[in-house]
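Colleague: Please read through the structure below; I'll follow up with questions.
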Amino acid sequence: MIYDTIIIGSGSAGLSAAIYASRSEMDFIVIEKIFMGTGQIAESERVDNYPGLYGENGYDLGEKFRSHAETLGARFIEGEVTKISPAKGIYTVYLQDGSEFETKTVIFAAGASHRKLGIKGEEELSGRGVSYCAVCDGAFYKNKVAAVVGGGDTALGDALYLSKIASKVYLIHRRDEFRANKSLCSKVAETENIETVMNAVPVEIFGDKRVEGIRINHNGREEALEVNGVFVAVGTVPGSEPLSGVVNMDSGGYIIAGEDCITSDKGIFAAGDVRTKPLRQVVTAAADGANSIYSAEKYISQLSVRK
C-alpha cells in the first residue's frame with residue numbers, strides 16, 4: 001500500500017497533523033518511537049500558555065491531543081525510523097526492525113531533545129524544579145530564586161526573561177566569557193538581579209521533593225547555591241538524522257522549512273521543533289501540524305494533475 005502521508009513523531013506537531021489528516025480523509029499512519037508517546041509536553045508540570053487550557057498538566061494535555069487523534073481514527077505504529085529514501089515520487093520509510101512503508105508524502109515531526117547536563121539530580125528532579133524551557137515554566141518562579149546554566153544566546157535570553165519574574169537569577173557558565181551576542185551580554189551585565197557565575201561547572205542538583213539548590217565546581221572549589229529552580233540551556237539536538245542528505249538543514253541539524261513546513265524536497269514537510277523556527281512551543285508545534293497537512297494536500301493534488 002502507498003499511503004497519502006506518513007507522519008513521523010507523536011508529539012504535539014505529529015498529533016496535530018494526525019488530526020488534520022483524519023479530517024481530510026487521507027490514508028496515513030503515525031510512526032512513533034515511544035509507544036503511546038505524546039512528546040516533550042508530557043514533561044511539563046503545568047502549561048499556562050496554551051489558549052483555553054490554562055493550568056493544564058503537560059501530561060494530561062498530551063493525552064488529550066492523542067485521544068483526539070485516536071477518536072478520529074489515527075493509526076499508530078511503534079518503531080524507530082532509520083532512513084527515508086525518495087524514488088520516482090514515492091518515499092520509502094525504513095524502520096529499525098526491518099519494516100518498510102511507502103508514501104506519497106512525509107510529515108517529519110520527530111522533534112528535538114534537550115541536551116542534558118548529565119549530573120546527579122537532573123533526571124530525578126525533572127519537572128520538579130528542573131526545566132529546559134524558561135518561557136514554558138518561568139511564571140512559576142515569581143519572587144523566587146532561579147539558576148540558568150549555559151552561556152549562549154538562549155541561556156542569556158532565559159536569564160533576562162526570568163529576571164523580570166524571579167527575585168534573583170544565577171547565570172552559571174563553565175567558561176570565563178559568554179558565547180552569546182554582545183547585546184545580550186550587555187543587557188545581562190546591566191540587570192541588577194542577575195548574578196553571573198563564571199568558570200563554574202554544575203556537579204549536582206539537589207533537593208528532597210523539589211529543587212533546593214545546585215552544587216557547582218567554581219574555580220576549583222565546590223559551592224552550593226540555594227535556588228528554587230534550575231533552567232538548563234545548553235542546547236538541543238534535533239531528531240533529523242533519518243533525513244540527512246535528503247533535505248537541507250542548518251548548521252545545527254534543524255531542517256530548513258518555513259511556516260508552510262515545505263522543505264527542499266517538496267514532498268517532505270518538517271513540523272514542530274525539528275524545523276528552523278524562532279519559537280519552539282506547543283502552540284507553534286500544533287500550528288505546524290495543521291500547516292504541514294495543508295501543504296501535503298496541495299502537493300498531492302499537483303501530483304494528480306501531472307498524471
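Quick note: the coordinates plus some simple rules give every number you see, no bench work behind them. Everything numeric in this text was worked out from a predicted model, so none of it was measured. Cβ atoms come from the backbone with ideal geometry, glycine included; neighbour counts cover every protein chain shown.
Colleague: Can you list the cysteines of the chain that have no other Cys Cβ under 4.7 Å away?
Modeller: Within the chain, the cysteines lacking a partner Cβ under 4.7 Å are CYS185, CYS261.
Colleague: What pairs in LYS83/LYS104; LYS116/LYS168; LYS120/LYS144; LYS144/LYS182; LYS120/LYS277 have C-alpha atoms more than 25 Å from each other?
Modeller: Correct reply: LYS144/LYS182; LYS120/LYS277.
Colleague: Can you list the DSSP H helices in the chain whose Cα atoms extend at least 24 Å along the helix axis and whose mean Kyte-Doolittle hydropathy is 0.0 or higher?
Modeller: Span-like helices, by this rule, are 282-306.
Colleague: I'd like to compare 110-116, 230-236: which one has the highest average count of other Cβ atoms within 10 Å, and what's the full order after that?
Modeller: Working: 110-116: 19.6, 230-236: 22.3.
Most protected by this proxy first, the peptides run 230-236, 110-116.
Colleague: Something else about it: Per DSSP H run of at least 4 residues, take -39500 (n - 2.57); add these up for the chain, divide by its residues and hand me the 222 nm value, nearest 500 deg cm²/dmol. Walk me through the numbers on the way to the answer.
Modeller: Working: 6 runs with 75 residues, N = 307.
Taking each H run of at least 4 residues, the total per residue is -7500 deg cm²/dmol.
Colleague: How big is the gap, in Å, between the Cα center of the range 5-27 and the Cα center of the range 175-193?
Modeller: 42
Colleague: Would you mind checking which residues have amide H under 5 Å from ILE31's amide H? H placed 1.01 Å from N; only 5 or more apart, or other chain.
Modeller: Amide H neighbours of ILE31, under 5 Å, 5+ apart: ILE7, ILE8, GLY9, ILE77.
Colleague: Using only the Cα atoms of the chain, what do you get for the radius of gyration and for Dmax, in Å?
Modeller: 21.0, 70
Colleague: Convert each backbone phi in the range 79-87 into a coupling constant with the Karplus relation 6.51 cos²θ - 1.76 cosθ + 1.60 (shift: θ = phi - 60°), then list the ³J(HN,Hα) values in order as whole Hz, x for Gly and Pro.
Modeller: x, 9, 6, 9, 7, 10, 10, x, 7
Colleague: Among the trypsin sites (Lys or Arg not before Pro) within the range 193-251, which fall in a DSSP loop and have no more than 16 other Cβ atoms within 10 Å of their own Cβ?
Modeller: In loop regions of the range 193-251 (DSSP not H, G, I, E or B), the sparsely surrounded trypsin sites (Lys or Arg not before Pro) are LYS209, ARG210.
Colleague: Under a 5 Å amide H to amide H cut-off, with H placed in plane at 1.01 Å, what residues pair with MET26 once short-range neighbours are removed?
Modeller: none
Colleague: Determine ³J(HN,Hα), in whole Hz, for all residues of the range 165-177 in sequence, where each value follows from phi through the Karplus function 6.51 cos²θ - 1.76 cosθ + 1.60 and θ = phi - 60°; x replaces Gly and Pro.
Modeller: Residue by residue, the range 165-177 yields 10, 7, 6, 8, 10, 8, 10, 9, 9, 6, 9, 9, 8 Hz.
Colleague: Rounded to two decimal places and with Rh computed the Kirkwood way over Cα pairs, what is Rg over Rh for the range 130-232?
Modeller: The Rg/Rh ratio comes out at 0.94.
Colleague: Starting from the Cα-Cα distance between GLU177 and SER264, subtract it from 0.36 nm times their residue separation and give me the gain in nm to one decimal.
Modeller: 27.6 nm
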